Amino acid sequence: MSTSQFFTPNHRVLVVDDNEAIHADLRKVLAGDTAAHEGLRNDEAVLFGKTAVARAGFDLDFAFQGEEALAKAEQALREDRPYAVAFVDVRMPPGWDGIETISRLWKLCPEVQVVLCTAYADYSWEDIMRRLGHSDSLLILKKPFDAIEVLQTAHALARKWLLNRQAKARVEDLDRMVLRRTAELQTANERLRGSEQRFARAFAASPVPFAILSQADGRFVDVNQRFLQATGFAREEIIGRTAEEISLWPAESNDTAWTTVLKLSSPLSERRGLFRTRTGESRPALVSAEVIQLADAPHRLLMLQDISERMRLEDQVRHAQKTEAVGQLVAGMAHHFNNLHQIIHGHVSICLDGAQDAGLAESLREIDAASRRAATLIRQLLAFNSKQVLRFDVLDLNRVLKQLASKLGLLLGPGVKVELQLASELPAVRADPRAIEQLLVELVRNASEAMPSCGRLTLRTETVKLDDRDIEAASPVLPGSFVCLSVIDTGAGMDADTKQRVFEPFFTTKTTGEGTGLGLATVYGIVNQHNGLIRVHSELGQGATFEIFLPMADRPAASAAPKTQASQRDGAETILLAEDDDGVRHLAQKLLEQARYRVLAAQDGEEALRLYHQHANEVDLLLLDVVMPRLGGKAVADAIKKLRPALPCLFASGYSSEMLASVEKEKLIQKPFSPQQLLRVVRETLNAGPRQAPGQVPAS
């Protein structure tokens, strides 16, 4: 049948009766717009309040014997015009009777809806069901017929036939979709199942839990070793007993229904449910069953697939997809939000410098604080989705913890003690110092909320080795040696549900308005961006331990150099500024000119190149936005550095790390930045040199 016919009404009806008068009666009722049609329309109008609409007549074919009917049905299939409904008389001597005819028709056309017509009690309902089996495609109609009843039945069954075909088409579409998405799993399952005979021979050694039950009384005849491992029962506790006697099906899975299903002769394939282990734990499973013959007696071959791990991995995949969706959204918004924060923060800072009114200054500080919180929120979202810009360095974690200990202690209550347990000769790690500090602040803040008045916070470092058993299957991290940083508190701890969701973005146990739910999500993202792992151990009333595993660096950390305060003196140099956002460009130009720099401002990359060629001998520094229309900052820098390779260049951007991969090795200032930060970085970049003096520009 063509695809379009799945959605096209089918009014083909086959009448099988040895009485020509019956043919005439049914033709009169079903073929056209008769009094019966009129009566049916009127009844519908009364019942449903609808205007009577004329119904299409049926396309009728007639047969006097079952053999003739089967031939017509075969011809209809060859023409791709199957019958939707068949009216079949129960008595049709001398050939097949109605029951035999229906049986043959269903073997040929399982979807055809059948009306068994009879004037006598030829067969009891039990006899019919025994010969035809239970079917929702069979209806019995007693003669003599009521015309409206016949017409209504024909329309209802034709509609049912169409709905069945549509449902079948939809199921087939869904099956194809599922097969595409689970191809690897289906392939593995097919290899495991094989043929019934091969499976029987491999029963004992199969890695899949299998059991054989007597079809007669449901008692276990045999189980393989994997079945025993999955359920936790000993062989002698199962053999000779029923599933009900060992409580294999927990109460919540409706064990009565399971027992009924398993006693049916039809096969059962991957039906989802629950089974109970010997310890009483309920576990999800796919249950399959097939009837096999053993010692000339029917038995059930039962397969019990524990899908706990698969469901856990599916949850992880769904979580990863949700995280990726949030990440794409945040990455797309970050640039625009950071530009807005940049403008607000920059102008507020300028106004604060000259504010004389105390009330105005306080309002400006509140605006600045709100802008900073918004910028922090964007950074947290980028961190959670592993998209924030990082500057990796080789770090000594012990040194970092010693330097931050006093600062972290300020985040804790006065009754909370901080203890450092630092491993000697700890290998270095490759990490971003600011990201590690952010990670520690979030974890310590979380610990502080768990023990607000008193307790102990332990920061511990050690070297550990992780193998395949320690790393989840879905993790991209490979086994090996790691530096482990543990943050341990003696607070209230977490229940199982909280522990499972603790790294979800926006999940919080605080009341509304008291937190964003991004603190631990940020930690999770930072660890992922460092190619590390994070684990949490906690029980209610037992505190919490967060373990962070970071890959070792390939060289030791450099000795700590004394910090020097960079000069922020005003300058007289010329800076070529390219920024497509008008607000950010005007702000940066204003700040630089206030610091006595000369600024050549361009609104895109092409204008920046034109300005450079006009003032080539005068430009001392390039300050370029990374992403601009028509020509980006990196392309501008590459073009100019072909002429002046030593010309200092500073990039600015509010985008995520994915957009900045091409400028990772260049000097970068991340938006939003403060006026002081901008001037400091500009001064540092100019001081770093060397640069070609004006007049030494190579000829182009």
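The values are calculated or read from the model by the stated rules, or taken from the named source; none is laboratory data. This one's a predicted model, so the numbers in the text were calculated from it and none came from an experiment. Using ideal geometry, Cβ is built from the backbone for each residue, glycine included, and neighbour counts are taken over all protein chains shown. Keep in mind that these areas ignore ligands, DNA and RNA; they rest on the heavy atoms of the full protein, side chains included. Shrake-Rupley method; radii C 1.70, N 1.55, O 1.52, S 1.80 Å.
Out of Gln614, Gln696, Gln670, which single residue is at pLDDT below 85 and surrounded by fewer than 16 Cβ atoms within 10 Å (Cβ to Cβ)? Don't jump to the end; show me each part of the working.
Working: Gln614 fails: at pLDDT below 85; Gln670 fails: surrounded by fewer than 16 Cβ atoms within 10 Å (Cβ to Cβ).
The unique qualifying residue is Gln696.
State which residue pairs qualify: first residue among the small types (Gly, Ala, Ser) and inside segment 669-681, second residue surrounded by 19 or more Cβ atoms within 10 Å (Cβ to Cβ) in any location, beta carbons under 8 Å apart, and separation of 6 or more residues or different chains.
As it stands, the answer is Ser674/His345; Ser674/Gly346, since those pairs meet every condition given.
Tally the residues that are among the hydroxyl-bearing types (Ser, Thr, Tyr) and at pLDDT 90 or above, restricting the search to segment 30-84.
1
Per-residue answers, yes or no, for (1) in a loop (DSSP other than H, G, I, E, B); (2) polar (S, T, N, Q); (3) modelled with pLDDT of 90 or more:
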{"site": "Ser567", "(1), (2), (3)": "yes, yes, no"}
{"site": "Gly571", "(1), (2), (3)": "yes, no, no"}
{"site": "Leu577", "(1), (2), (3)": "no, no, yes"}
{"site": "Arg585", "(1), (2), (3)": "no, no, no"}
{"site": "Ala588", "(1), (2), (3)": "no, no, no"}
{"site": "Glu606", "(1), (2), (3)": "no, no, yes"}
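Scan (1) of a type outside the set (Asp, Glu); (2) open to solvent by less than 20 Å² (accessible area, probe 1.4 Å); (3) at pLDDT 85 or above for the single condition Ser656 breaks and write down its number.
Going through (1) of a type outside the set (Asp, Glu); (2) open to solvent by less than 20 Å² (accessible area, probe 1.4 Å); (3) at pLDDT 85 or above one by one, Ser656 breaks only (3).
Here are the criteria: (1) open to solvent by less than 80 Å² (accessible area, probe 1.4 Å); (2) modelled with pLDDT under 70; (3) closer than 24 Å to Glu437 by Cα. Tell me which single one Ala320 does not satisfy.
Tallying (1) open to solvent by less than 80 Å² (accessible area, probe 1.4 Å); (2) modelled with pLDDT under 70; (3) closer than 24 Å to Glu437 by Cα, Ala320 fails exactly one: (3).
For segment 371-402, what are the residues that are at pLDDT 75 or above and open to solvent by 30 Å² or more (accessible area, probe 1.4 Å)?
Residues of segment 371-402 at pLDDT 75 or above: 392-402.
Matches in segment 371-402: Phe392, Asp393, Asp396, Arg399, Lys402.
Suppose we keep only residues that are part of a helix (DSSP H, G or I) and small (Gly, Ala, Ser) within segment 425-465. Which one would you say is nearest to Gly413 (Cα to Cα)?
Across segment 425-465, the extreme among qualifying residues is Ser448.
Has segment 303-313 got any residue that is open to solvent by 70 Å² or more (accessible area, probe 1.4 Å), under 19 Å from Asp222 (Cβ atoms) and touching a residue at least 12 places away in the same chain (Cβ under 8 Å)?
So far as segment 303-313 goes, no, none of its residues is open to solvent by 70 Å² or more (accessible area, probe 1.4 Å), under 19 Å from Asp222 (Cβ atoms) and touching a residue at least 12 places away in the same chain (Cβ under 8 Å).
Determine, yes or no, whether Asp222 is acidic (Asp, Glu) and either modelled with pLDDT of 85 or more or touching a helix residue (DSSP H, G or I) at 6+ places or on another chain (Cβ under 9 Å) (or both).
yes
Against the condition touching a strand residue (DSSP E or B) at 6+ places or on another chain (Cβ under 7 Å), modelled with pLDDT under 85 and open to solvent by less than 80 Å² (accessible area, probe 1.4 Å), how does Leu268 come out, does it pass?
Numbers: touching a strand residue (DSSP E or B) at 6+ places or on another chain (Cβ under 7 Å): yes; modelled with pLDDT under 85: yes; open to solvent by less than 80 Å² (accessible area, probe 1.4 Å): yes.
Yes; evaluated as a whole, the condition is true for this residue.
Report, ordered by the first and then the second residue, all pairs with beta carbons closer than 9 Å, sequence separation of six or more or different chains, a first member in segment 395-424 that is farther than 18 Å from Ala553 by Cα, and a second member that is of a type in the set (Val, Ile, Thr) and part of a loop (DSSP other than H, G, I, E, B).
Close Cβ pairs (under 9 Å, with a partner that is of a type in the set (Val, Ile, Thr) and part of a loop (DSSP other than H, G, I, E, B)) amount to Val416/Thr490.
Among the residues of segment 248-265, are any open to solvent by 20 Å² or more (accessible area, probe 1.4 Å), modelled with pLDDT of 65 or more, under 36 Å from the mean Cα position of the chain (by Cα) and among the small types (Gly, Ala, Ser)?
yes
How do the pairs read when you match residues in segment 571-586 that are surrounded by fewer than 16 Cβ atoms within 10 Å (Cβ to Cβ) with residues anywhere that are outside any helix (DSSP H, G or I), using Cβ under 8 Å and keeping only pairs 6 or more apart or on different chains?
Short answer, once both residue conditions are applied: Ala572/Arg596; Ala572/Tyr597; Ala572/Arg598; Asp582/Gln603.
Out of segment 265-281, which residues are in contact with a Gly (Cβ under 9 Å, 6 or more places away or on another chain) and closer than 15 Å to Trp249 by Cβ?
Result: Thr277, Arg278, Glu281.
Those residues that are among the aliphatic types (A, V, I, L, M), outside any strand (DSSP E or B), open to solvent by less than 80 Å² (accessible area, probe 1.4 Å) and at pLDDT 85 or above, I need them from segment 504-549; list them, please.
Matches in segment 504-549: Val523, Ile526, Val527.
Yes/no matrix, rows are residues, columns are (1) surrounded by fewer than 16 Cβ atoms within 10 Å (Cβ to Cβ); (2) among the aliphatic types (A, V, I, L, M); (3) within 48 Å of the chain's Cα centre (by Cα):
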{"site": "Phe58", "(1), (2), (3)": "no, no, no"}
{"site": "Ala63", "(1), (2), (3)": "no, yes, no"}
{"site": "Gly66", "(1), (2), (3)": "no, no, no"}
{"site": "Arg78", "(1), (2), (3)": "yes, no, yes"}
{"site": "Ala84", "(1), (2), (3)": "no, yes, yes"}
{"site": "Asp89", "(1), (2), (3)": "no, no, no"}
{"site": "Met92", "(1), (2), (3)": "no, yes, no"}
{"site": "Gly95", "(1), (2), (3)": "yes, no, no"}
{"site": "Leu105", "(1), (2), (3)": "no, yes, yes"}
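Of all residues in segment 610-639, count the ones that are touching a residue at least 24 places away in the same chain (Cβ under 8 Å), outside any loop (DSSP other than H, G, I, E, B) and either under 45 Å from the mean Cα position of the chain (by Cα) or under 17 Å from Asp581 (Cα atoms) (or both).
10
So that you can scan it fast, the table gives a plain yes or no per residue for (1) of a type in the set (Lys, Arg); (2) modelled with pLDDT under 85; (3) open to solvent by 80 Å² or more (accessible area, probe 1.4 Å); (4) touching a Leu at 6+ places or on another chain (Cβ under 8 Å):
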site	(1), (2), (3), (4)
Arg159	yes, no, yes, no
Leu179	no, yes, yes, no
Arg191	yes, yes, yes, no
Gly194	no, yes, no, no
Ala205	no, yes, yes, no
Phe227	no, no, no, yes
Gly232	no, no, no, no
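May I ask you to list pairs of residues, at least six apart or on different chains, whose Cβ atoms are under 9 Å apart, with the first in segment 496-523 being farther than 18 Å from Ser448 by Cα and the second being aliphatic (A, V, I, L, M) and at pLDDT below 80?
Close Cβ pairs satisfying both conditions: Pro505/Val326; Pro505/Leu381; Pro505/Leu518; Phe506/Leu518.
Against the definition (over 32 Å from the mean Cα position of the chain (by Cα) and modelled with pLDDT of 80 or more), how does Arg283 come out, yes or no?
Answer is no for this residue.
Kindly list, by first and then second residue, each pair from a residue in segment 217-235 that is on the phi > 0 side of the Ramachandran plot to a residue that is assigned to a helix (DSSP H, G or I) and of a type outside the set (A, V, I, L, M), limited to pairs with Cβ atoms under 9 Å and residues at least 6 apart or on different chains.
If the second residue must be assigned to a helix (DSSP H, G or I) and of a type outside the set (A, V, I, L, M), the pairs left are Gly218/Thr259; Gly218/Lys263.
Is there a residue in segment 85-99 that is farther than 30 Å from Asp127 by Cα and either part of a helix (DSSP H, G or I) or at pLDDT 90 or above (or both)? Give the steps one after another, and end with the answer.
Of the residues in segment 85-99, the ones farther than 30 Å from Asp127 by Cα are none.
Among the residues of segment 85-99, not one is farther than 30 Å from Asp127 by Cα and either part of a helix (DSSP H, G or I) or at pLDDT 90 or above (or both), which makes the answer no.
Quick test of your reading of the structure: Lys107 fulfils all but one of (1) in contact (Cβ under 8 Å) with a residue 12 or more places away in the chain; (2) within 19 Å of Leu138 (Cα to Cα). Name the failing condition by number.
Only one criterion is unmet by Lys107, namely (1).
For segment 403-424, how many residues are open to solvent by 90 Å² or more (accessible area, probe 1.4 Å) and not in a helix (DSSP H, G or I)?
4
Specify the residue that is least open to solvent (accessible area, probe 1.4 Å); the eligible residues are those in segment 587-599 that are among the charged types (D, E, K, R) and in contact (Cβ under 8 Å) with a residue 12 or more places away in the chain.
Per the criteria, the residue is Lys590.
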